[in-house]
Structures are given as C-alpha cells and as structure tokens.
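A short reminder: the numbers here are calculations on the coordinates, not readings from a lab. Given the structure is predicted, the values throughout are model-derived calculations rather than measurements. Glycine gets a Cβ as well: all are built from the backbone with ideal geometry, and neighbour counts include every protein chain shown.
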Amino acid sequence: MNLKKKIRQNFTQAKRILGTNTPAKNIVAVNGCCYGQEKVEDKGDNLKKCGQNFWSFVSGDHQLYTTIIEPLGHKAKEYNEAFQIEYGKVINHFTAEFIKNFCQTDGTILWDKLIQFNSASKTG
C-alpha cells in the first residue's frame, strides 16, 4: 500500500474514532509541504498546502516564508559553500595519499598493491 493511501486510511480511522466522542465536522487532514506550489489545495478528503501557503497556515504569518524561511536557505548555502571547501581538501588529501601509496610515477594504479592492502589477510 502506498504511503498516501495509508495516511488517508489512518486519518479516516482517527476521524471516525474522534467522532464517537466529539463533533468531528471541523476536522481536516492537511498535507503540508515546506516548498513548492499547489494550484488546487482541496483534494477532497484533505488539504495540500505548499510553500508560502504552508508556512502561513502553520504560523498565521503570511510573510513568514520571506522573512524567515528564505533567509534560512541563504544561510544554508553559506554553510554548504564552506562544507564544499573542506570536502575538497579531504578529497585532495586522500587523492594524494592514494597516488603516493598505490600509483606509479606515471599515474598507473598498482592494482596488486591496492588489492593486498584492501583484501589480504591481516592474521598472518
């Protein structure tokens, strides 16, 4: 069973159970998506809110997306750029070690040496 169908079934069951104790007329399942757009929010048995409409729905602030969420994306980009710099350093370090230990001076891989390092018995 796919995830959307299972979610719908679970919501229907929860609504039915809740309906036995309280009026369940105003209970609506909301499928929220932090980004994107949805032309038609009303899907019949649930609402689908995306992007700015989602953030407005959960916060009550129609501008939350632009005042907080969008700047977070820029901050994440900054950290991603710093990560990429550090990642590049690690790749360069490992590449240099690999070349030093497992390649001839012309760049040919010394496969026997590499396979021995990776797979040879360490017990004797």
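Nearest 20 debye, what's the magnitude of the dipole of the chain about its Cα centre given +1 on Lys and Arg Cβ and -1 on Asp and Glu Cβ? Walk me through the numbers on the way to the answer.
Values: 17 positive and 12 negative charges, 177 e Å.
With Lys and Arg at +1 and Asp and Glu at -1, about 860 debye.
Take the residue pairs Lys39/Lys77; Lys5/Lys43; Lys4/Lys43 and return only those whose Cα atoms are more than 20 Å apart. Don't skip to the end; give the middle numbers.
On the way: Lys39/Lys77 28 Å; Lys5/Lys43 13 Å; Lys4/Lys43 12 Å.
Pairs exceeding 20 Å: Lys39/Lys77.
Within 10 Å of each residue's Cβ, count the other Cβ atoms and sort Asp112, Asp61, Asp106 from fewest upward. All intermediate terms of the calculation are to be shown ahead of the outcome.
Numbers: Asp112 9, Asp61 12, Asp106 5.
Going from least to most buried by this count: Asp106, Asp112, Asp61.
Spit out the partnerless Cys residues in the chain, using Cβ distances under 4.7 Å as the pairing rule.
Unpaired cysteines in the chain: Cys34, Cys103.
Once every DSSP H run of n ≥ 4 in the chain is given -39500 (n - 2.57) and the sum is divided by its residues, what mean residue ellipticity at 222 nm do you get, rounded to the nearest 500 deg cm²/dmol?
Working: 4 runs with 68 residues, N = 124.
After summing the helix terms and dividing by residue count, I get -18500 deg cm²/dmol.
Find me the longest stretch of the chain that has none of the exposed trypsin sites (Lys or Arg not before Pro), where exposed means in a DSSP loop (not H, G, I, E or B) with at most 16 other Cβ atoms within 10 Å.
Values: sites that count: Lys25, Lys39, Lys43, Lys122.
Result for the longest clean stretch: 44-121.
Name the residue farthest towards the positive end of the dipole of the chain from the options Tyr35, Ser119, Val58, assuming +1 on Cβ of Lys and Arg, -1 on Cβ of Asp and Glu, about the Cα centre.
Sorting the options by dipole projection puts first Val58.
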